[in-house]
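First comes the structure, then the notes that go with it.
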Amino acid sequence: MSAARERLLDTATRLFYTEGVHTVGIDRIIAEAGIAKATFYRHFKTKEDLVVAYLQREYARQRDALESVPGEGFTTITTIFDTLRDISCGPGFRGCPFLNAAVEFPDPQHPVRRVVDEYRAWFRELMAEHLRAGGHPAPDDAARALLLTRDGVTISGGVGDSDTVRAGIRAALVHIA
């Protein structure tokens, strides 16, 4: 990846996550990244292409982090949700980048929403794999409940409700073990 493309993605990631996709214009991203407009268009045809690249990079980052959690089964799920709790209750947390983007792009056929759907399907399947490894009797249903918990945790964390984050995770983990 070129240094200019990397700066564009870094800048877009920071601004999209903290302020929202639709509130941040291309000119601002270009200015803060310190690149020429022509350089932007050499790497991204549209702002939506940049949004998709931002989410794909975040998806890869989270996939790498969560798939590297050691172990399998319920212990790994607990570790993943403990980490999610810590991040969601930490400073600067503004919610889930995927859910935030989904709200701004309501058309389920939009490329941004397809990345969101791919991420959510991957997370659900990761949970199902660990549930199967732990011998859960209904891993697919439980994985959906864990995805819902994950969504609720990130929303509650995004609005600063740490107590609900902790309670939601405790309740979900009690029901899967």
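The values are calculated or read from the model by the stated rules, or taken from the named source; none is laboratory data. What you see is a predicted model, and the numbers here were worked out from it, not measured in a lab. Cβ placement follows ideal geometry from the backbone for every residue including glycine, while neighbour counts extend to all protein chains displayed. Note: accessible area is taken over every heavy atom of the protein model, side chains too, but ligands, DNA and RNA are not part of it. Shrake-Rupley method; radii C 1.70, N 1.55, O 1.52, S 1.80 Å.
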Flagged in segment 29-57 as assigned to a helix (DSSP H, G or I), open to solvent by less than 50 Å² (accessible area, probe 1.4 Å) and either at pLDDT below 95 or under 20 Å from A3 (Cβ atoms) (or both), in numbering order, are I29, I30, A33, T39, F40, L50, A53, Y54
Checked T18, T23 against criteria (under 15 Å from the mean Cα position of the chain (by Cα), surrounded by fewer than 12 Cβ atoms within 10 Å (Cβ to Cβ) and either of a type in the set (S, T, Y) or at pLDDT below 95 (or both)); the one match is T18
Over segment 2-27, the set of residues assigned to a helix (DSSP H, G or I) and touching a helix residue (DSSP H, G or I) at 6+ places or on another chain (Cβ under 7 Å) is A4, R5, R7, L8, L9, T11, A12, T13, L15, F16, Y17, I26
Residue pairs within 9 Å by beta carbon, gap of at least six or interchain, first lying in segment 140-167 and at positive phi, second open to solvent by 30 Å² or more (accessible area, probe 1.4 Å) and at pLDDT 95 or above, listed first then second, are G160/C89; G160/F93
Taking segment 58-78 and keeping only residues that are open to solvent by 60 Å² or more (accessible area, probe 1.4 Å), farther than 30 Å from G25 by Cβ and assigned to a helix (DSSP H, G or I), one is left with D64, E67, T75
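Given the criteria among the aliphatic types (A, V, I, L, M) and in a loop (DSSP other than H, G, I, E, B), does V112 qualify? Before the answer, list the steps.
Values: among the aliphatic types (A, V, I, L, M): yes; in a loop (DSSP other than H, G, I, E, B): no.
Considered against the rule, which asks whether it is among the aliphatic types (A, V, I, L, M) and in a loop (DSSP other than H, G, I, E, B), V112 comes out as no.
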Report task. Would you mind stating whether D107 is assigned to a loop (DSSP other than H, G, I, E, B), free of Cβ contacts under 8 Å to residues at least 60 places away in the same chain and open to solvent by 40 Å² or more (accessible area, probe 1.4 Å)? Result -> yes
Within segment 120-152, the count of residues that are buried (at least 19 other Cβ atoms within 10 Å of the Cβ) and in contact with a Cys (Cβ under 9 Å, 6 or more places away or on another chain) comes to 1
